1. Which ³J(HN,Hα) values in Hz, rounded to whole numbers, follow from the phi angles of segment B:215-228 under the Karplus curve 6.51 cos²θ - 1.76 cosθ + 1.60, where θ = phi - 60° and Gly and Pro get x?
2. Starting from the eigenvalues of the Cα gyration tensor, five times each then square-rooted, give me the equivalent ellipsoid semi-axes of segment B:96-243, largest first, whole Å.
3. If Rh is defined by the Kirkwood formula over all Cα pairs and Rg also comes from Cα, what ratio Rg/Rh do you get for segment B:92-398?
4. Find which of B:V227, B:L252, B:P204 sits farthest along the positive direction of the dipole of segment B:190-316, computed with +1 on the beta-carbon of Lys and Arg, -1 on that of Asp and Glu, about the Cα centre.
5. How much FRET efficiency would the formula 1/(1 + (r/R0)^6) give for A:S139 and B:K175, where r is the Cβ-Cβ distance and R0 is 56 Å, rounded to 0.05?
6. Can you list the chymotrypsin sites (Phe, Trp or Tyr not before Pro) in segment B:109-138 that are in a DSSP coil and have 10 or fewer other beta carbons within 10 angstrom?
7. Please work out the FRET efficiency for the pair B:D250 and A:E9, using the Cβ-Cβ distance as r and a Förster radius of 51 Å; give the result to the nearest 0.05.
8. Mind checking the mean number of beta-carbon atoms from other chains within 10 Å of the Cβ atoms in B:26-33?
Amino acid sequence: MDHTADFDEFVRARGDALLRYGYVLSGNMEDAADLVQEALARLGDAWPRVRRKDDPEGYVRTTMVRLHINAWRRRHREDLVAAVPENGRFDRYDDADLWAELRQLPPRQRAVLVLRYYEDLPDDRIAEVLGVSRGTVRSQAARALDKLRIARVLQEAR
Amino acid sequence: MTTEDELARALRQLAEAAPEIDLLAGVRERRRRRTRRRAQAVAVAAVIAVAGTSTTLTRGGVLATGGGHDAAATASAVEEPRAAKPADTPARPVDEVWPQAVFTMPARNADGWKYRPITGISATEVLLSAEPSFEKAGALEVYDTVTRKARVVTRMPSTPGLKEYIHQTATTDGKSVAWFTYGERQDGSMVREIWTVPLSGGEPRLLVTLTGERARIATIALAGEHVVWSDERAVWRLPLAGGEETKLADGLHVIAWPWAGDLAEGPGTADANQTRVVNLETGEIRRIAAAPGAEGLRCGVTWCSGRQRHAGLVQRVDGSGQAAFREAMTPPDAYPVLDRFVRGRGEVYDTATGVSARVDNPGTWSGVGVSAEPSTILYWGTTRSGKPHEYRVLNLAAVPAAQ
C-alpha cells in the first residue's frame, strides 16, 4: 500500500513549524534542518504504524529532541562556548543576547526550557519526552533559569 | 532576562528566524540512503561479530558507532553536502585556518597593568592600552609578535582640574596614535580633548579641547597630516601641526579613513541600515543596495554585514554576494574589519575566501580590540580563568591577502 501521498502532505503542512522547533532547539540552521529531516525520515519509515495509532507530529518532535541531546553528547559540539564580547560597545541587551546565553546551556537544559516555554508542555510530559524523571526536569529547568539570570547579571555589571 | 514570559517570547522570536528549506526533497533523499545503509549495516554487523571488540567503523565516509539509528543521524549530517552558500561552510579552528595570525602574549605589562588590545598596526605589531584600573589607561604600548616584547609608546597624560577623566577611543595610521578623552569640569560641563603621539614614542601633544556642542565627539581617525573626527552632526578636520578645525562633511560619520557612512553610533540606530559609503578624500559616493529584509547593515567600501530575519547576513555594497551567516547571532553595529572580515560570536568569516575560522576558547569571555576603526584584534584567555596570565590573540592584519 502506498502511503506516500499523505506522508508528503504531512511534511508540507507541518514542515515549517517543525523547522522552527528545530531551530529553537539547536540554535543554528544546519542542525535544525538536520534534526527535522532525520526525524521526518524516521517518521516516513514508521508512517503506516504511527499514522494510525499515534500522533505523528508528537512522534517527530520527540524524535527531534532526543536526537538533539544524543547527537550533542557524541559530537562534543564546538560551540559550547558562545563568546560574549567583553567590549562594552555592543550594549544592546536584547533577544540576541538571550539567544547567545541559551546557546551556552547544555542541550538537555536547553531542551527542557524549549519544551516548557516554547512547547508549553507540563513537566510530567517533558519527563516522558526526555525519558527522565519529573524531578530531573524540575532541577534541570531551575538550573537553566539560574544560569540565564546569572549570565545576565554578569553582563550588566560589566 | 527577568521573567519566564520574556523567555517564552524570545524563543518564539527565535523560531521566526528559522530557515525555509525544501524539506520533502531532503527527507526523500535521506530515506533512500537509509534503506541502502540498512543493507550495508547487515554486512557491518557481521564484521563486528567477528572482530568482537570493535565499536567504531569508518566505511565509505559513514561513521557507524554501534549506537544504532542515532549514529546514522550524525553520520548523515556529516555525509550530506547541502547546497550551502559560501557563508554556510562549517568553521574550522582559527589556528588551522590562519596559523600566522594567532599568537600568545602576556595579559599584563611590566607594572602588572592589564593589557587591553586596541588594534593591529601591522602583521607583527599590536597597539595596546595598559590599565592600572578598569578602563583607566596608564600607558600605550606596542607588542611585537616576532621579538615577543612590548615597548612603551607613552605614559598617558591627564589634565588637572577635570573629573571623570577617561581616555577614550584611540586610532592609529601606523605612524602616529591619536585618542580622545572624556572629562567634566567642576560645574559638570563636558570636555573632550584630542591627543596625539608618534608611534615611535615621545611626549603626547594636546591638539584641541572641545566643549559645549563641539564636545559630542563620537569617533576619530588619522588622515595623513590631519586628525579627523565625527560628532553627531558632521566630520571635522584639524592639522596635526595645530590650527583651527574645519568642517569636512555634514551628516556623515567616520568608519575608517577615508571612508564614512551615514549612520551615527548610539541608541536607536542598531536596526537601521546604512545607505551609503562616502570617500571623504575624493567625494566618491557608493549607494548601498540592501538585501530584502536586511537590518542593521554596516558597510565598508565593498562588504556589508547585518541581520536578516535574526540571522547574520553578508552582502556586497552593490547588493551582490548575499549569504546567510552561519552564526545565528551577529553583533549589531559592527562594520566589516579591513573591509573583509565579519565577526560573529566565536567566529570570523572571511568574505575574500568564504572561509570561517572558529575560536576555540577555553574560557567564558572574549574581547574585541577597542580602536575607533574596526579593530583587527580578537582575544581571549589561554585558560578558563577570568583573569588569565596570557591572552591568545587573533590579528586579522596578519591574515595573508586572498589568492
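1. Once rounded to whole Hz, the list reads 7, 7, 5, 10, 8, 9, 8, 9, 9, x, 8, 10, 9, 10.
2. Numbers: eigenvalues 158, 66, 36 Å².
Taking √(5λ) for each eigenvalue gives 28, 18, 13 Å, largest first.
3. Values: Rg = 19.2 Å, Rh = 20.0 Å.
My calculation puts Rg/Rh at 0.96.
4. Farthest along the dipole direction, towards plus: B:L252.
5. Numbers: r = 60 Å, r/R0 = 1.06.
After rounding, the FRET efficiency stands at 0.40.
6. Values: sites: B:W113, B:Y115, B:F134; in loops: B:W113, B:F134.
Sparse-neighbourhood loop chymotrypsin sites (Phe, Trp or Tyr not before Pro): B:F134.
7. Details: r = 59 Å, r/R0 = 1.16.
Efficiency at R0 = 51 Å is approximately 0.30.
8. Numbers: counts 9, 13, 7, 2, 8, 8, 1, 1.
Counting other chains' Cβ atoms within 10 Å and averaging over B:26-33 gives 6.
Every number in this text was worked out from the coordinates using simple rules, so none of it is lab data. Keep in mind that this is a model prediction, so the values were computed, not measured. Note: ideal-geometry Cβ built from the backbone for every residue, glycine included; neighbour counts use all protein chains shown.
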